[in-house]
Amino acid sequence: MTIVRGVVAGAVGYVLGAALIMAIRAASGAAAWEVESVTAGAWLFALTGWLLGVGVWRYWARPWFGRPADTYTTTGWRRYFDFDTDHKVIGVQYLITFLTMFFMAGLFAMLMRYELMGVGEDILNSDQYNSIMSLHGTMMVFVAVAATVGAFGNYVLPIMIGADDMAYPKLNALSFWLVPPVLVALTASFLLGGYDTGWTGYAPLSVKNDVGGLFFNLAFFSLGLSSIVGALNIIVTVITMRARGMTWFRLPIFVWSIFVTAILSLIFTQFVGLAMLLVILDRTAGTVFFDPASGGQPLLYQNVFWFYSHPAVYIMILPAFGITLEMVSHFSRKPLFAYRWAVGGLLGIMGMSSVVWAHHMFTSGMAEALRKPFLASTELISIPTGFIFLSALGTLWLGRIRYTVPMLFALGVLFNFLIGGLTGVFLADVPVDIQLQDTYFVVAHFHYVILGGGIFALFGAIYYWFPKMTGRMMNNRLGKVHFWWMMVGFNATFLPMFILGLQGMNRRIADYTPGLESANRAVSMGGFFLGTSFVIFLANFIWSWVKGPPAPDNPWGARTLEWQIPSPPPHENFEIPPIVLADPYGYGEPGSVHADLGGNGRSESLEEGVQA
Amino acid sequence: MTTTETLPMEHTTSRLQINRIGLWLFFFSETMLFAGILVTRFTLLGTEVHEEVSQTIGLIITAILLASSYTAFRAEHAAHRGDREETTRYLSMTLGLGAVFVAGVAFEWAEAFSAFPPGTEFGTVFFTMTGIHAFHVITGLIFLALLWNNSRQGRYDADAWPVEAGVKYWHFVDVVWVFFYPALYLL
Amino acid sequence: MTEIAAKAVERSPGVTAIVSLAVLTAVEFVVSSADISGSLAMLTVIALVKAAVILSAFMHLRNVLREEG
Ligand SMILES: [Cu+2]
């Protein structure tokens, strides 16, 4: 019902907006209807209408007009399709939405690998290949940016800091309900013939291509709005909603990683919004930002775009670091090694992430004098990254490691990210980059970072928190099969890609020279193997959600707050506000308690905690 | 429960403080957008401004927007004092001045369209910057209109936070213009 | 304190602010029309000062973490 209202209100918004734009166009003497100008202008109205219809009006905005807000009465599974303000519902909404997007983008990858199995244009022509490739990249980037933060930043973070919800629950719901328009725009773009720029949308091509390109811009812009709103909410939540005793250095490292990610998102997402906006204006309003013939500068686009999109790499990977460190400590049964250095590493990455963007532009014709500084800054950023890596290794050292499924994924992240990170050092080196720019070496590198790091951590997090979220256990054996299948498939796909890249295989092409055929076929085989591993995951995920054995409150024996409450947690999370007494990683310290959750004997346990 | 006093105390933030922090973070984020636009402007145009840009209109609308910040300031203080009548009066003055500002921009756009259309280097920057700013002014006017209507009916007698938020947003839009005005008209 | 006196106290920082903003804007205008060298630097400084005036006097930046208006 909610969604129907949203769609209707969104359609009404589109029509009103379109009428307004057409009136303005007619008044200025232009033809009233022109699909791109009208749609770009009406999009804002459609978005507003959708949000109002989907619940903003009923539950939020009515008091602004002197009417009482509707009481929220939805219960049961319907809550997941409504404007629900419970952070746990929103977390699940994010998780399912972005998992769906992940699997769709994965199917596009399968299609691409099928095309690349042999020389020549087999099932896709170049244009179709470029469309599929662009959608695959865009959707995967959206997943990497938003899935972990949206799902677990929402579901787990408030519980971990001892809060009953986010700081702004309604704003939280709004940030999720901005995601469906992103899907609509991507679908529209696909149905209208796609776009051929890749997810980077470089001008001037992105200004000139077909109407699908406009919808890509609108999709990215809308996702940006959602990210900014969500990031703001997370930052304020961590600053103001921590339980008593939850000092900054008692925060679980996952909370730190999401907090730093949110700061990056709040600052830098504005720039991708700007990049998209300027392209939209060039397409529809006759401006010439990126048209060199009229004094514009195509390179300006790359600067604005990468000023967001390099920090966005950290928006994708820092939550993965947080998850990995979290798993490594809980499953090594040891305190997190060098906790403060790891936090410093997160903050160091945050501080440096704004001064490395031009390493994407070494061959774009940027000023040569800038190459060395960007080479240096890029290689320097591996130092704070190293802090995090060493913190993980130090924690594993002499630990009593429990090889659970989430722990396997965390170890997988460490292995894959090491390869992804080290090849990044090569690519930051200007002479090497000039050779390898736009080859499969780059493709392999960022897949090792984002898929091997970010997405592996996402799946680890799903296995880890699934019992808390659903109240049911996932099948352990199937989980292990999935991990090894995915790990082998992943490396079988992307390790050979480094070699393909060194041999000169270009990115973003449907066809290649015959000499590269056998290597490409091997990569494709690896890719299909990787793709099928998710069938096991899906079967396990769905079956366990419906019929899995009931989960205890704390199946992993972990110390953080979310495991001290029932699975799944009650609506307000804690019966009474918890009081935090010590850091969350005190494994092996006799008598150490992370927090007191009230109930019988609170004062005694508090006294103990204070003395300890 | 006496021992809790010895614990580090957190989570003592009131709703008002939470709201204020959020609002300022929003301004911080928006500042990045406007900073990006300014950098774009200097990248494309250097330190030139078009000689045909109207100095008279520029100065007049700048003065009007600054004046509206003063009336908005008075409205906020009246609201915190619980003075419904004065809040409403100053909000309506702010609304009026804001509307005149938008009219001034519209008037100038009509002139600028022939002098430096969007298809030229300066026109591209000029229309984009004034347009994005005017968009923020118009959303600000919508907020102010809602505030005016609600304050008139006494809905903020108990809690002046909505007035404070709307007025702060209005000031923020003014701060943006403080940088846009010299970047577009003076230099 | 009478209500009128209270209003005067509350008004005065606002009046100071708006007067200084007006003066600074006039200076900006003169600087740019006088076409002197270094006007870019001067305009930047003036804009920063104006922004600081609005942020402190009108927007009460100092009160972010406080309870009072
Ligand atoms: Cu980068």
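The values are calculated or read from the model by the stated rules, or taken from the named source; none is laboratory data. The structure presented is a predicted model; accordingly, all values stated were derived computationally and were not measured. When we count neighbours, we look across all protein chains shown, and the Cβ atoms used for this are built from the backbone with ideal geometry, even at glycine.
A few notes on this one:
- Matching option when the condition is within 30 Å of A:V481 (Cα to Cα), in contact with a helix residue (DSSP H, G or I) (Cβ under 7 Å, 6 or more places away or on another chain) and either away from the ligand (no atom under 16 Å from the Cβ) or hydrophobic (A, V, I, L, M, F, W, C) (or both), among A:L390, A:L398, A:L336: A:L336
- In the range A:284-300, residue nearest to the ligand (Cβ to nearest atom) [restricted to those that are assigned to a helix (DSSP H, G or I) and either at pLDDT 95 or above or of a type in the set (A, V, I, L, M, F, W, C) (or both)]: A:L299
- Filtering A:F331, A:F254, A:F268 for residues that are in the same structural domain as A:F362 (by TED's automatic domain parsing), assigned to a helix (DSSP H, G or I), within 28 Å of A:M407 (Cα to Cα) and under 17 Å from the mean Cα position of the chain (by Cα) leaves a single hit, A:F254.
- Which listed residue is in a loop (DSSP other than H, G, I, E, B) and within 14 Å of chain A (Cβ to nearest Cβ), from B:T43, B:T13, B:T31, B:T47: B:T13
- Here A:M361, A:M366, A:M407 are screened, and the one residue that is farther than 23 Å from A:G504 by Cβ, at pLDDT below 95 and surrounded by 16 or more Cβ atoms within 10 Å (Cβ to Cβ) is A:M366.
- Checking A:G198 against (1) within 30 Å of A:L561 (Cβ to Cβ); (2) surrounded by fewer than 24 Cβ atoms within 10 Å (Cβ to Cβ), the condition it does not meet: (1)
- For the range A:454-476, the count of residues that are in a loop (DSSP other than H, G, I, E, B) and under 18 Å from A:M327 (Cβ atoms) is at least one.
- Qualifying residues in the range A:343-354 (those that are more than 10 Å from the ligand (Cβ to nearest atom) and not aliphatic (A, V, I, L, M)) - the one nearest to A:A203 (Cα to Cα): A:S354
- Only one entry in A:P569, A:P550 is over 25 Å from the mean Cα position of the chain (by Cα) and either closer than 22 Å to A:L411 by Cα or in contact (Cβ under 8 Å) with a residue 24 or more places away in the chain (or both), namely A:P550.
- Residue that is nearest to A:S524 (Cα to Cα), among those in the range A:474-500 that are surrounded by 23 or more Cβ atoms within 10 Å (Cβ to Cβ) and touching a His at 6+ places or on another chain (Cβ under 9 Å): A:T493
- A:A293 fulfils the conditions (1) within 14 Å of chain B (Cβ to nearest Cβ); (2) crowded, with 21+ Cβ neighbours inside 10 Å except for a single criterion, (2).
- Filter pass, A:L300 being at the interface with chain B (Cβ under 9 Å from one of its Cβ atoms), among the hydrophobic types (A, V, I, L, M, F, W, C) and farther than 21 Å from A:I90 by Cβ: yes
Residues checked against (1) of a type in the set (D, E, K, R); (2) within 20 Å of the chain's Cα centre (by Cα); (3) more than 13 Å from the ligand (Cβ to nearest atom); (4) under 30 Å from A:I434 (Cβ atoms):
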{"position": "A:R340", "(1), (2), (3), (4)": "yes, no, yes, no"}
{"position": "A:V356", "(1), (2), (3), (4)": "no, no, no, yes"}
{"position": "A:G365", "(1), (2), (3), (4)": "no, no, yes, yes"}
{"position": "A:L370", "(1), (2), (3), (4)": "no, no, yes, yes"}
{"position": "A:F374", "(1), (2), (3), (4)": "no, no, no, yes"}
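- When residues of the range A:204-227 are limited to those that are in contact with an Asp or Glu (Cβ under 9 Å, 6 or more places away or on another chain) and buried (at least 24 other Cβ atoms within 10 Å of the Cβ), the one farthest from the other protein chains (Cβ to nearest Cβ): A:G213
- Test for A:S309: is it of a type outside the set (A, V, I, L, M, F, W, C) and either more than 16 Å from the ligand (Cβ to nearest atom) or not in a helix (DSSP H, G or I) (or both): no
- Of all residues making up the range A:65-104, the number that are surrounded by fewer than 20 Cβ atoms within 10 Å (Cβ to Cβ), more than 20 Å from A:F152 (Cβ to Cβ) and away from chain B (no Cβ under 14 Å): 11
- Cross-chain or 6+ apart pairs with Cβ under 9 Å, the range A:22-37 first and within 19 Å of B:A112 (Cβ to Cβ), then among the aromatic types (F, W, Y): A:R25/A:W33; A:S28/B:F113
- All helices (runs of 4 or more DSSP H) inside the range B:82-187 with 3 or more residues being crowded, with 20+ Cβ neighbours inside 10 Å, within 11 Å of another protein chain (Cβ to nearest Cβ) and of a type in the set (V, I, T): B:121-152, B:161-185
- Within the range A:304-315, residues that are under 20 Å from B:I37 (Cβ atoms) and within 11 Å of chain B (Cβ to nearest Cβ) have Cβ atoms under 8 Å from residues that are acidic (D, E) and within 9 Å of the ligand (Cβ to nearest atom) in no pair, counting only partners at least 6 apart in sequence or on another chain.
- Residues that are closer than 12 Å to A:P406 by Cα and of a type in the set (V, I, T) within the range A:451-466 comprise just one, A:I462.
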